[in-house]
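A short write-up of the structure that comes next.
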Amino acid sequence: MLRNGVHKLKDALVFATGRNVVPVLTPESASEFHALVDSAPLVIWTTNPQGECTFISRFWKTLTGRDPECDLGYRWCQALHPEDQARAASDLTAAIQNRGVCVGEYRVRRVNRHYAWVLDRGVPYFDQHGEFAGHIGTCVDISARKTLDAKIDILVLGMEAERKRIARELHDDIGQKLALLGVALSEIEHLLKHEAGPIKKKVRQTRDLLGEIASDTHLISHNLHPAVLMHLGLLPALRRLCNDFSAQKKVYVEFDGDSSYDDPSSEVSTALFRIAQECLSNVAKHSGAGAAKVVFRHGLDSIQLIISDSGCGFDSSQTLPLGGLGLISIRERVRMVGGEVQIHSAPGEGTKIIVLVPSRMQFRKTAGRKATAA
Ligand SMILES: Nc1ncnc2c1ncn2[C@@H]1O[C@H](COP(=O)(O)OP(=O)(O)O)[C@@H](O)[C@H]1O
Ligand SMILES: [Mg+2]
């Protein structure tokens, strides 16, 4: 039975890759191939055109404790979490109908009865007459990555809550005290109106300095938690971010925004705002460019945010973290809202960061927003 399965897998590999990767299975090569497939630390599987499983490699036993041969046909589905079974079946049905790739993340029950997360990915293969012959795929344990993702989610959400708290304290507490101090200095200045000389001058200088500190504090508080994002929505917040940036950082930022749809959910809005903030701060810190552009497009299916500059660029093909945590946090924030990010950059060729978030994430409407500026 298993030997038969390995031959089916060999045929599937030959057709799926378009190359005769396992030309002839002599008894020796068949057993080597068999050993290779069964020692791989992932599950390899094949299906027939009806979606029935015709082969499952031995790692299935390590992962689930279930006998691969007993789970052929549709019985493998019983190893899945009850909440994931219907989704897995419909993913496979859709892939059979479209003759397309079948990808999904599901929970499978381990030997110890806990669930493991797996990434299942199958590609269609066709026989020598070009007829659809089924799918061939792999199933990889991604539990460690899922656990890490969950921890990062908690960290990012905690960071956001902490920023909000510090912003509120800066605004409500320190900001108010600075304002009171400003009023007191104005009163002193008034009392000294008939005085001439250095005391009056010193008081005026102190009041001016205090004004600067108050506006810096307001700016820090605003950047930590922009009230305009909460009250007016993403588009005005992005526009204001670009304007503030142009005024403060000597980098002219052009904004091109599309407001024809409702605002995304607050999770998506916060993520996109923070990403724009981080990208612009990178432009100012690293690019050497005098100008940058932020484009926001809100279509029926997806939301797109593009931040570009024509500065010095960097090698974006590097897989290792390049410096701080900025680009890493951008990737994490995008992942958390189910989107994807593309970073296009090369030395001397500027940088373009494209973020795409599916519109299905925009559950919440603009209800409850106050029409007040920050
Ligand atoms: N717009 C940009 N122009 C040039 N280099 C950039 C740009 N954005 C990012 N980089 C490069 O990528 C690195 C990583 O960026 P980031 O993760 O934000 O960390 P940090 O800004 O703390 O260095 C930067 O150190 C820089 O070399
Ligand atoms: Mg950075």
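Would you be so kind as to identify which of T54, G73, H286 lies farthest towards the positive end of the dipole of the chain, taking Lys and Arg as +1 and Asp and Glu as -1 on Cβ and the Cα centre as origin? Ranked along the dipole, the leading option is H286.
Think of the chain as a dipole: +1 on every Lys or Arg Cβ, -1 on every Asp or Glu Cβ, centred on the Cα centre; then among I96, Q248, Q176, Q176 lies furthest on the positive end. Considering only Cα atoms, the convex hull volume of region 109-235 works out to 230 Å³ per residue. Restricting the calculation to Cα atoms, every distinct pair contributes to the Kirkwood radius of the chain, found to be 25.4 Å. Anything over 31 Å Cα to Cα? Flag those among K177/K202; K200/K249; K151/K293; K200/K250; K164/K352; K164/K285, in the order listed. Over 31 Å Cα-Cα: K200/K249; K151/K293; K200/K250. With a Förster radius of 30 Å applied to the C-beta separation of R87 and I154, the computed FRET efficiency comes to 0.75. The gain in end-to-end length when the A346 to S266 segment is fully stretched comes to 25.5 nm, 0.36 nm per residue minus the alpha carbon separation. Place a point 7 Å from Cα of L209 in the direction of its Cβ. Which residues in region 151-194 have their backbone N less than 18 Å from it? Answer for region 151-194: 178-189. Annotation for region 250-276 versus region 297-349: alpha-carbon center distance of 15 Å.
For S302, the residues whose modelled amide H falls within less than 5 Å of its own, excluding neighbours fewer than 5 places apart on the same chain, are S359. Amide hydrogen proximity for Y252: with H placed 1.01 Å from N in the peptide plane, the residues at 5 or more positions away or on another chain lying under 5 Å are A291, A292.
Residue by residue, region 67-78 carries 3J(HN,Hα) couplings of 6, x, 5, 7, 9, 5, x, 10, 6, 4, 4, 5 Hz when phi is fed to the Karplus relation 6.51 cos²θ - 1.76 cosθ + 1.60 (θ = phi - 60°); x denotes Gly or Pro. Of the trypsin sites (Lys or Arg not before Pro) found in region 48-95, no site is in coil according to DSSP while having at most 12 other Cβ atoms within 10 Å of its Cβ.
Every number here is computed from the coordinates shown, using simple stated rules; none is lab data. All of these numbers come straight from a predicted model, not from anything done at the bench. As a convention, Cβ positions derive from the backbone with ideal geometry for all residues, glycine included, and neighbour counts pool all protein chains shown.
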